[in-house]
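For reference, the structure discussed in these notes is given below.
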Amino acid sequence: SQQGEEDPQALSIQEGENATMNCSYKTSINNLQWYRQNSGRGLVHLILIRSNEREKHSGRLRVTLDTSKKSSSLLITASRAADTASYFCATDRGGGSYIPTFGRGTSLIVHP
Amino acid sequence: DAGVIQSPRHEVTEMGQEVTLRCKPISGHNSLFWYRQTMMRGLELLIYFNNNVPIDDSGMPEDRFSAKMPNASFSTLKIQPSEPRDSAVYFCASSLTGASTEAFFGQGTRLTVV
């Protein structure tokens, strides 16, 4: 069964706008990760946030984690056409399990 | 390191044939994952190896699927006999076991069973 689910399923914005994607999960976790997948390619790791962290930044990416609500968000600021891709959150199963389990992803289209 | 290497990139086979997908993980990584991606079901974990030992194979669809990891630098996923519903993109990923490590993905094998 899938642990995390992204929302929305699809997002279409103009270049320069911010893009926000959300992820909800079901059980306790050790960490939550966000990945990106360009069409026809493998997934690429973007950022990891531990369960005891609330916010993390990496370049134009900002990730938040609310363990009480079992949710996370990924914000891409000042989006570019090159950000067009699918974005996935991955959670582990908590405890001693570090197996990344993925949601269905958010498909982001950034129009130039 | 060249990253996780999967072969072949594309495979087209007839129903009933045996298919073998191959994966070379990143040197030094001790966790290896096989995933399957379809539009209907998203990205599903098939099997997880740690230190070459299968730890979790609960995602393997049925007995037609088998996976091996004979050594730290090679793994195979075999489907015998293949069926059209096995058509998907199969990804191999590797990582260092632990709470703060990312998984590195290969480019995937696009399997089409006709």
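The values are calculated or read from the model by the stated rules, or taken from the named source; none is laboratory data. Keep in mind it's a predicted model, so treat the numbers as computed, not measured. Counting neighbours? That spans all protein chains shown, and the Cβs are built from the backbone with ideal geometry, glycine included. Note: accessible area is taken over every heavy atom of the protein model, side chains too, but ligands, DNA and RNA are not part of it. Shrake-Rupley method; radii C 1.70, N 1.55, O 1.52, S 1.80 Å.
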Residue within segment B:40-55 that is open to solvent by 60 Å² or more (accessible area, probe 1.4 Å), part of a strand (DSSP E or B) and under 19 Å from B:Ile5 (Cβ atoms) present: no
Checklist (1) open to solvent by less than 20 Å² (accessible area, probe 1.4 Å); (2) within 18 Å of B:Lys78 (Cα to Cα); (3) modelled with pLDDT under 95; (4) polar (S, T, N, Q) applied to B:Ser31, failing item: (2)
Meets criteria (more than 10 Å from every other protein chain (Cβ to nearest Cβ), modelled with pLDDT of 95 or more and surrounded by 14 or more Cβ atoms within 10 Å (Cβ to Cβ)) for A:Leu61: yes
Some residue of segment A:15-27 being in contact with a helix residue (DSSP H, G or I) (Cβ under 8 Å, 6 or more places away or on another chain), part of a strand (DSSP E or B) and more than 14 Å from chain B (Cβ to nearest Cβ): yes
Exclusive hit being at the interface with another protein chain (Cβ under 10 Å from one of its Cβ atoms), hydroxyl-bearing (Ser, Thr, Tyr) and surrounded by fewer than 16 Cβ atoms within 10 Å (Cβ to Cβ), set B:Thr97, B:Thr112, B:Thr101: B:Thr97
Identity of the residue in segment B:57-94, among the β-branched types (Val, Ile, Thr) and more than 10 Å from every other protein chain (Cβ to nearest Cβ), that ends up most open to solvent (accessible area, probe 1.4 Å): B:Thr76
Test: residue in segment A:83-105 that is open to solvent by less than 40 Å² (accessible area, probe 1.4 Å), more than 14 Å from chain B (Cβ to nearest Cβ), free of Cβ contacts under 8 Å to residues at least 60 places away in the same chain and touching a strand residue (DSSP E or B) at 6+ places or on another chain (Cβ under 7 Å): no
